[in-house]
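Trainee: Once you've had a glance at the structure underneath, I'll fire off some questions.
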Amino acid sequence: MPLQVTVWNENVHELEEPAVAERYPDGIHGAIADAVDGDDRSVRTATLQEPEHGLTEDVLANTDVLLWWSHCANDEVADEIADRVVDRVHEGMGFIPVHSGKNSKPFKRLMGTTCNIKYRHGGETERIWTADPGHPIADGLEESFEVPSTEMYGEPFDIPEPDRTVFISWFEGGEVFRSGVCYRRGRGRIFAFRPGHEEYPIFFQDEIRTVLDNAVAWAAPTEGADAVWGEVEPKESLDD
């Protein structure tokens, strides 16, 4: 079976801002889907505007990895759908929140923190350093690479201590940011990746596409052992 990948996008900027629609004629979700597509993958997209935001129980049950791009409409996601995503992550679905997906309801619930940052609009150069060169998500990348123009995100980033910090960013204005971090929640793997502001063609950049492609492979579910919950009978005799 091919890996089942779903790319979710709030799709608001493309519908309301002609410049974004021109930059991403197939939507940001379309650009991300193209970046992570492959012979061993089946990639679908879903958006906020669809019934149940395109994330029905059936869609999520058949999703191995969910990539999530969002920005201004995080609060418009129904709590029921957010909880549905969180439950699937605990069951083993990989979850990759991108850019302001760090403020999405699923990511904040999985982290248990505000996920607050400081930020600055305007085109600044971002230098992304590979902080964990042995990590699979860093495969094929140099020691560092640059995003020519982007929105700044700065520390402190109110998240729990990551299991692994794969990338750290430096910005032209002097700030730094943990821009690629990994977690496990339940059986699911999570990789939060900072770049992706809609005002710039970031998802067409080769290095960004490599990161996302690698992240999907890393976040794919693993078999592991069967989990048993609730009251159980003893394996050994408890007779006196």
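The values are calculated or read from the model by the stated rules, or taken from the named source; none is laboratory data. Treat the numbers as computed from the prediction; the structure is a model and nothing was measured. Cβ: placed from backbone, ideal geometry, glycine included. Neighbour counts: every protein chain shown. Each accessible area value is taken on the protein alone, full model and side chains, heavy atoms only, with ligands, DNA and RNA left out. Shrake-Rupley method; radii C 1.70, N 1.55, O 1.52, S 1.80 Å.
Trainee: When both residues are 6+ apart or on different chains and their Cβ atoms are under 7 Å apart, which pairs have a first residue that lies in segment 94-116 and is under 17 Å from Ala78 (Cα atoms), and a second that is open to solvent by 40 Å² or more (accessible area, probe 1.4 Å) and in a strand (DSSP E or B)?
Mentor: Leu110/Arg185
Trainee: Which number in (1) within 23 Å of Met93 (Cβ to Cβ); (2) assigned to a loop (DSSP other than H, G, I, E, B); (3) touching a residue at least 24 places away in the same chain (Cβ under 8 Å); (4) open to solvent by 50 Å² or more (accessible area, probe 1.4 Å) marks the one condition that Arg189 misses?
Mentor: (2)
Trainee: Continuing with this model, one more query. Open to solvent by less than 40 Å² (accessible area, probe 1.4 Å), within 21 Å of Asn74 (Cα to Cα), under 17 Å from the mean Cα position of the chain (by Cα) and in contact (Cβ under 8 Å) with a residue 40 or more places away in the chain - does that describe any residue in segment 128-140?
Mentor: no
Trainee: So which residues in segment 55-80 are open to solvent by 10 Å² or more (accessible area, probe 1.4 Å) and assigned to a helix (DSSP H, G or I)?
Mentor: Glu57, Asp58, Val59, Ala61, Asn74, Asp75, Glu76, Asp79, Glu80
Trainee: Turning to a different aspect of this structure: Take the residues in segment 81-91 that are open to solvent by 10 Å² or more (accessible area, probe 1.4 Å) and in contact (Cβ under 8 Å) with a residue 12 or more places away in the chain, then tell me which one is nearest to Asp163 (Cα to Cα).
Mentor: Result: His90.
Trainee: Next up: Does Ile208 qualify as being assigned to a strand (DSSP E or B), modelled with pLDDT of 95 or more, open to solvent by less than 30 Å² (accessible area, probe 1.4 Å) and among the β-branched types (Val, Ile, Thr)?
Mentor: When the stated conditions are applied, Ile208 does not pass them.
Trainee: Next question. Name every residue in segment 113-157 that is assigned to a loop (DSSP other than H, G, I, E, B) and either among the polar types (S, T, N, Q) or in contact with a Pro (Cβ under 7 Å, 6 or more places away or on another chain) (or both), in order of residue number.
Mentor: Thr113, Thr114, Asn116
Trainee: Among the residues of segment 149-180, write down those that are open to solvent by 40 Å² or more (accessible area, probe 1.4 Å) and of a type in the set (Gly, Ala, Ser).
Mentor: Across segment 149-180, the qualifying residues are Ser149, Gly173, Gly174.
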